[in-house]
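One structure is given below, encoded as structure tokens.
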Amino acid sequence: MRIITSFLIALVCSLGASAQLAQWDFNKVSKDANVHTAEDGTIVVDFQNPAVIQDYSGEYMINAQNSDWYATFDVYASTLVGTYTLSDFDAFYTNMMSWVTFDSYYPSAITFVCAVEDGKYQINIDMESDGQKFKIHMWAPAPPEGALDYDTQIGDVDYEYTSGEEIQIVDRHDMGENDVVIEFQAADGSNGAVFRMMLDADKVDPINIIPEGVYPINATGASGTFTASVGAVNGTVMPCYYAVLRSGRVTKPYFLTSGTVEVKHTKAGTAVIVDAKNSWNVPVKLKYAPEATGISDVNANNASADGLFFENGQVVVVKGNRKYNVSGAQMK
């Protein structure tokens, strides 16, 4: 779930948590004008460059660095704005490391306060490690208006599904619903997507289900539109969304709120081209171009196979004989 270079892992593990920076005259060796030692010995670090915030669905990792320090804070929270203390952090992945002395500091006490000011996350941290006190400030771009909790903040998606078995188009009108659902699933189970289209029954193509056209993703609920995601509700993500999967769990969801879905009918079958953005304005491009032998695999939902499925208005993950919601909790 986390990407840390082997160099940093080796460095952090070899140095341990007991190193003492107090033995150094830090003001003499500091190269960064935004770092100083206060009269009481507190090391004050003001990260001027933007921090990188990664959202892992209920867990945030925040990384920042300058010429003197590398900082990483891993906090368990459904939203980053708030005040957090030591019990809210992953101890191994929360530390300050000095580029100057190559010492690492893991918190024995910490108060982490995050607010949104002037269109930015403003993060102020008071931390203590083995008697050494830190006062830290960092900032990062704030979420755009309408950004959804748990939505992935960084990492463009450009993925092409290549085999016919990875797409299903389900007409749900015979189930008493007024929508059509497109489901993608990578052959290796690494990712999937679900798109819900509002379409009147009399407009359903009797052969290809969805007529050819370019359809918008929005929140109007009108016929001929794909439904913009509203995020995670009670552990369930409603379409439209794309997700990265690992061991039956969603590790990176992209809640698609704008863009288009183009549907084409070729001799080989139905092609689907998605050009969308999530609530953080992260681009998500998906393409399915069927091979000549793939059209027979475009059919109604088959919940007996492993994968993502749209069931009773919810998205579920099926693995073996068990079903999970998109938060990883097993469903009865």
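Summary of computed values
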| read-out | value |
| --- | --- |
| Subset of the stretch 10-52 that is open to solvent by less than 30 Å² (accessible area, probe 1.4 Å), outside any loop (DSSP other than H, G, I, E, B) and at pLDDT below 90 - its residue that is farthest from V244 (Cα to Cα) | F26 |
| Residues (among the basic types (K, R) and either assigned to a helix (DSSP H, G or I) or more than 21 Å from the chain's Cα centre (by Cα) (or both)) located in the stretch 86-145 | K133, K135 |
| Given (1) crowded, with 17+ Cβ neighbours inside 10 Å; (2) within 14 Å of F184 (Cα to Cα), index of the condition A271 fails | (1) |
| Hits in the stretch 276-286 (condition: touching a strand residue (DSSP E or B) at 6+ places or on another chain (Cβ under 8 Å) and buried (at least 16 other Cβ atoms within 10 Å of the Cβ)) | A276, K277, N278, S279, V282, V284, K285, L286 |
| Positions within the stretch 168-183 being aliphatic (A, V, I, L, M) and either open to solvent by less than 30 Å² (accessible area, probe 1.4 Å) or touching a residue at least 24 places away in the same chain (Cβ under 8 Å) (or both), in sequence order | I169, V170, V180, V181, I182 |
| S229 being under 30 Å from Q122 (Cα atoms) and touching a Cys at 6+ places or on another chain (Cβ under 6 Å) | yes |
| For A91: the one exception among (1) over 25 Å from A142 (Cβ atoms); (2) open to solvent by less than 60 Å² (accessible area, probe 1.4 Å) | (2) |
| Search result, residues across the stretch 256-279 that are touching a Ser or Thr at 6+ places or on another chain (Cβ under 7 Å) and either among the hydroxyl-bearing types (S, T, Y) or under 25 Å from A147 (Cβ atoms) (or both) | L256, T257, D275, A276, K277, N278, S279 |
| Selection count, the stretch 232-247, where residues are buried (at least 17 other Cβ atoms within 10 Å of the Cβ) and assigned to a loop (DSSP other than H, G, I, E, B) | 3 |
| Among the candidates E128, E145, E117, residue that is under 24 Å from A232 (Cα atoms) and open to solvent by 40 Å² or more (accessible area, probe 1.4 Å) | E145 |
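A quick yes/no check of all residues on (1) open to solvent by 70 Å² or more (accessible area, probe 1.4 Å); (2) in contact (Cβ under 8 Å) with a residue 24 or more places away in the chain; (3) of a type outside the set (G, A, S):
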residue: P141; (1), (2), (3): yes, yes, yes
residue: Q153; (1), (2), (3): no, yes, yes
residue: D156; (1), (2), (3): yes, yes, yes
residue: L199; (1), (2), (3): no, yes, yes
residue: P206; (1), (2), (3): yes, no, yes
residue: P211; (1), (2), (3): no, yes, yes
residue: P216; (1), (2), (3): no, yes, yes
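The values are calculated or read from the model by the stated rules, or taken from the named source; none is laboratory data. Remember, it's a predicted structure, so these values are computed and weren't measured experimentally. FYI the Cβ positions are ideal-geometry reconstructions off the backbone, even for glycines, and counts take in every protein chain you see. Areas reflect the complete protein model, heavy atoms only, side chains present, ligands, DNA and RNA absent. Shrake-Rupley method; radii C 1.70, N 1.55, O 1.52, S 1.80 Å.
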